[in-house]
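Undergrad: Sending over a structure as structure tokens; questions will come in a sec.
The values are calculated or read from the model by the stated rules, or taken from the named source; none is laboratory data. These figures come from a predicted structure and were not determined experimentally. Backbone-built Cβ (ideal geometry, glycine too); neighbour counts: all protein chains shown. The accessibility values were calculated without ligands, DNA or RNA, using every heavy atom of the protein model including side chains. Shrake-Rupley method; radii C 1.70, N 1.55, O 1.52, S 1.80 Å.
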Amino acid sequence: MKKLVIILLSIICIIPIAGCTKKDAKKFKEEYESLNNTTNASGKIIREVNIDKNNPFVYKDAEDIVTMIKNKETFVVYFGFSTCPWCRSMIENLIKAAKDTNTKTIYYVDVLNIRDVIKVDSTGTVYKETEGDTYYMQLLSLIGDVLEDYTLTNGGKEIKTGEKRIYAPNVVVIENGKAITMTTGISNSQKDAYMELTEEINNESYSMLKEALNSLNNTCTKEGAC
């Protein structure tokens, strides 16, 4: 009888989690597909994407990810936003790579409005126009080892800001609270965010993402659970 009660309690705990996961997958699909073939503020046609209804995305915010890192958890997180043309170039490949590597969950953080904005004025002076969210700034420190430098261009000259940057897209693998790898999932052959995606571009993007997710699954295998 005691064992039966434990089993029932376990089922009760699992069902809400599964329900939330399905709800997030539906939300993600609707969020990205609702923009298909619409026009953005720059007059560009937003790329059409087809998101699997069984996609692995679970919504989190920067604070959640900071907490998970400090708790030394192992997971993968995708930083992006739905209107980002580069994100839309690789998102279907990320979903395919997740399915092929049996990656059940990828946490999704929308970074559109949480990042700081640094600019350079006419004299070449670097200044911060917008402060970043507190937890976003913490993430720069916590996963900075795998992030790219935050650079600006002024008169054809590259200027370093002295900060790291979570660009969109960034797919980061965390092992026991430490960032072990990051990929954009963007093929080197893709020179423009709105260009047609060739088979070569998609294959290279998929390979980059699959390699990153495999590093997570190798960790899970090594530890015996994930």
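Undergrad: How would you classify the stretch 135-225 from its alpha-carbon gyration tensor, with a ≥ b ≥ c the square roots of the eigenvalues: rounded for a/c under 1.5, else prolate if a/b is greater than b/c, otherwise oblate? Spell out each step's value before the answer.
TA: Working: a/c = 3.25, a/b = 1.16, b/c = 2.79.
Since a/c reaches 1.5 but b/c is at least a/b, the shape of the stretch 135-225 is classed as oblate.
Undergrad: Just the number please: accessible area per residue for the chain, 1.4 Å probe, all protein chains included, in Å². Display every interim value, and only then the final one.
TA: Values: 12720 Å² over 226 residues.
Ligands and nucleic acids excluded, the figure is 56 Å² per residue.
Undergrad: About the Cα centre of the chain, how large is the charge dipole given +1 on each Lys and Arg Cβ and -1 on each Asp and Glu Cβ? Please answer in debye to the nearest 20.
TA: Numbers: 28 positive and 31 negative charges, 171 e Å.
In debye, rounded to 20, the chain gives about 820.
Undergrad: In whole percent, what relative contact order does the stretch 18-101 give with Cα contacts below 8 Å and a gap of six or more residues? Before the final figure, lay out the partial values.
TA: Details: 65 pairs, mean separation 27.1, N = 84.
Worked out over the stretch 18-101, it gives 32 percent.
Undergrad: Calculate, in nm to one decimal, what SER189 and ASN54 gain on full extension: separation in residues at 0.36 nm each, minus their alpha carbon distance.
TA: Working: separation 135, 0.36 × 135 = 48.60 nm, distance 2.91 nm.
45.7 nm is the gain from fully extending SER189 to ASN54.
Undergrad: Ok, one more. What is the antiparallel percent of DSSP beta bridges lying wholly in the chain, to the nearest 5?
TA: Of all bridge pairs located within the chain, approximately 75 percent are antiparallel.
Undergrad: Count charges around MET208 for me, please; just the other residues with Cβ under 14 Å from its Cβ, Lys/Arg as +1, Asp/Glu as -1.
TA: Taking every other residue near MET208 into account, the sum is -3.
Undergrad: If Lys and Arg each add +1 and Asp and Glu each add -1, what is the summed charge of the other residues whose beta carbon sits under 13 Å from the beta carbon of ASP64? Working shown, then result.
TA: Working: positive: LYS60, LYS70; negative: ASP24, ASP61, GLU63, GLU73, ASP110, ASP133.
Residues near ASP64 contribute -4 overall.
Undergrad: Given ASN54, ALA41, ALA25, which one lies farthest toward the positive end of the charge dipole of the stretch 24-66, if we put +1 on the Cβ of every Lys and Arg and -1 on the Cβ of every Asp and Glu?
TA: ALA41
Undergrad: Oh, and also: Run the reach check for LYS29 against lysines, Cα to Cα strictly under 29 Å, same-chain hits fewer than 8 apart removed. What comes back?
TA: Within the straight-line limit of under 29 Å, LYS29 reaches these lysines: LYS44, LYS53, LYS60, LYS96, LYS99, LYS104, LYS191, LYS210.
Undergrad: Pop a pseudo-label 7 angstrom from the Cα along the beta-carbon direction at both ILE159 and GLU200 and give the gap in nm to one decimal.
TA: Those two pseudo-labels are separated by 3.6 nm.
Undergrad: While we're here: Please state the charge dipole magnitude for the stretch 25-111, taken about the Cα centre, from unit charges on C-beta atoms (+1 on K and R, -1 on D and E), reported in debye and rounded to the nearest 20.
TA: On the way: 13 positive and 12 negative charges, 32 e Å.
I would put it at about 160 debye.
Undergrad: List the longest stretch of the chain that has no exposed loop site; here a site is one of the trypsin sites (Lys or Arg not before Pro) assigned by DSSP to anything other than H, G, I, E or B, with at most 16 other Cβ within 10 Å. Write down the numbers at each step before the final one.
TA: Details: sites that count: LYS44, LYS53, LYS72, LYS104, LYS191.
No qualifying site falls inside 105-190, the longest such stretch.
Undergrad: If you don't mind, there's one more thing I want to ask. Accessible area, 1.4 Å probe, largest first: how do GLU158, GLU33, GLU63 sort? Mind showing how you got there, number by number?
TA: Working: GLU158 125, GLU33 50, GLU63 85 Å².
Largest to smallest exposure gives the sequence GLU158, GLU63, GLU33.
Undergrad: Taking a ≥ b ≥ c as the square roots of the eigenvalues of the Cα gyration tensor of the stretch 30-174, is the shape rounded (a/c under 1.5), prolate (a/b larger than b/c) or oblate? Don't jump to the answer; show the numbers that get you there.
TA: Details: a/c = 2.20, a/b = 1.27, b/c = 1.74.
Oblate.
Undergrad: Rounded to a whole number, what % of the accessible area of the chain do carbon and sulfur atoms account for, probe 1.4 Å?
TA: Values: 6620 of 12720 Å².
Summing carbon and sulfur atoms, their accessible area is 52 percent of the total for the chain.
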